[in-house]
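Input: a single structure, listed below in structure tokens.
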Amino acid sequence: MNDFIELVKEGFRLAWNLGKLAVETVKAAVLAYFRGVKKWTIRFFIAAVAPLVVILPCLIFHVPFGGLYGAYVVWLVLLFAAELILITPMFLIWRRLKVLFPTVAKDLEDWVDFIKSVLFNGLSLGIFVTLFPIWRSPGAFPLLLLVLVCWLTLPACGFSNFCKRIYPTVRGIQLLVLFGLLVLQMAFPRQMEQLGWASGRKIGGILTASVTQKEITADWNTISWFDNAGETLVWYSGPDSKGYRLWAAPGFDPDSGKELQPVKDEGTRVKIVANFSEKERTIQKQTAAEQAETTRKEEVRRREEKDRLEKERAAADQSAAEQAAAQHASDLTRYLGMREVRKAGDKQTLAVVAVSEDGKLNSNVGQMIAGVLKTDSAEVTTSRFTPEFVSDGLFAQAFGDSRAILNKLELTNSLGTLLLARQTVQYSTNASLENIITAHMRLEVVAVTVADSGAGRALAITASGIGFKPEAARSQAEERLSKKIQDEADSLRNAARPNSQ
């Protein structure tokens, strides 16, 4: 008995699992179907919106592409029909269950009929707009209203059994006739266009007759004047103050109000073409003359602009040269005091510049060196440079590149040798000897001879002094330095002597 109960339990468990599996399978299928509907719906939407990239600019700029607009309407209807077909299967399931849900099934049948109506009516509207573009033939507007009335009233007759029986037939005949007209439009576009003009005039009457034609004067050298049967395709007005004007349909000149004349024979065409050709040649000559005059004026303008820029550049160069000369004169006055340096006979002129550790001219050291270097054949000066030569940093610059200073201050023609002496002092304190202060003085000498092209010769002289105060120590060191300068007289003379001597 227990085995039988367990077997029944296992049976129910298996049935439950199978039911869950079936539900999951159905659920997965339904979700997959709806995902497919979503994916294709997005694709249909993109396909419907993409042509607007071309359609919207055409509508904004009033480009009369009737075939393009009508084709887009047909395209939208087809996409809408495809979307309806895509979602139809879910309603077909309900149709199988109409015994259980008869009201829903009846509503679905009405809904499907509505889909058919939308599809047929949309296709018919698209074909009609392609055949009779209202923006080019306003006379067809009453005809469009008539067709729209038929389309709007036929679905309203759905409550009548008679209308229900004849509605599919009338709808099919209507679409078949329009489709046949569309085929004729593609096979004989010019003839169907003339038919549209004629129908627009007969239906629209006098009020629309003067605006049904299109001016094609600008296309006179590319248009077709006659069809294959020799029928007129071009109408003209004039000649008047504006000359000939060409039109693609019969009507009236919008300016003068005169009726347009057809181009009936080749002679009329040749006369009109000759008029346009002569006018075009005149315009071309005038344009060429205007372009030549414009080119000449542009060349004159460029030449004047070039002369102006050259004058401005010359003036700028002259101004820069004057400023440079003024600055140079200012530098000579500032650093040399504009003292005239003369060579005394065959004597060699030598300028000595000595700077103390505080960055100021040291006349004592300069006089010491000058006294050592002064000979009968050499004229030595210690006053060639002003204090600004040191304070403005030219002394420090000369210590590294003396020849640049010689050239800058024009000293190459007035000096034989430039001798630069830089004095430095370092102090030290000896605590073991009652804090006696020692001053270590160092004098770095660089001599640059104008006649030499190489670097200047360097010499260093050191001396030390002691005292209980820095001033005393420094004074003693300077005294000893003076003696060492006397001892190093030969070395200083050799340094100041040109290599050629």
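Taken together, the values in this text are just the output of simple stated rules run on the coordinates, not laboratory data. Since the model is a prediction, treat every value here as computed from it, not as a measurement. Glycine also receives a Cβ, built like all others from the backbone with ideal geometry; neighbour counts cover every protein chain displayed.
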| field | Only Lys, Arg (+1) and Asp, Glu (-1) charged, at Cβ; region 308-426 dipole about Cα centre in debye | value | 140 debye
| field | Ranked by how many other beta carbons lie within 10 Å on average, peptides 32-40, 232-240, 18-26 from highest | value | 232-240, 32-40, 18-26
| With the dipole of region 279-338 worked out from charges on the C-beta (+1 for Lys and Arg, -1 for Asp and Glu) around the Cα centre, which of THR294, GLN327, LEU309 lies farthest toward the positive end? | THR294
| task | Once you've got the Cα coordinates, tell me which of LYS242/LYS264; LYS214/LYS285; LYS360/LYS408 are over 24 Å apart. | result | LYS214/LYS285
| remark: If N is the residue count of region 213-264, its Cα Rg over 2.2 N^0.38 Å rounds to 1.08
| field | Integer Hz, Karplus 6.51/-1.76/1.60 couplings in order for region 36-51, x for Gly and Pro | value | x, 4, 4, 4, 6, 4, 4, 5, 4, 5, 4, 5, 7, 8, 4, x
| Which value in nm describes the separation of the simple spin-label points at SER391 and LEU31, placed 7 Å from the Cα toward the beta carbon? | 9.3 nm
| task | Might you report the magnitude of the Cβ-based charge dipole of region 213-264 about its Cα centre, with Lys and Arg at +1 and Asp and Glu at -1, to the nearest 20 debye? | result | 60 debye
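Among 379-386, 322-329, how do they line up by average Cβ neighbours within 10 Å per residue, starting with the highest?
Result, highest mean first: 379-386, 322-329.
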| said: Just to confirm my numbers, what's the Cα centroid distance between region 1-54 and region 254-328 in Å? | reply: 76 Å
| query | Hey, got the dipole for region 279-338? About the Cα centre, +1 on K and R Cβ, -1 on D and E Cβ, debye to the nearest 20? | reply | 380 debye
| query | When we measure straight from the Cα of LYS484, which aspartates and glutamates land under 15 angstrom away, once same-chain ones fewer than 8 places off are left out? | reply | GLU444
| message | Using only the Cα atoms of region 279-338, what are the Rg and Dmax in Å? | response | 25.3, 84
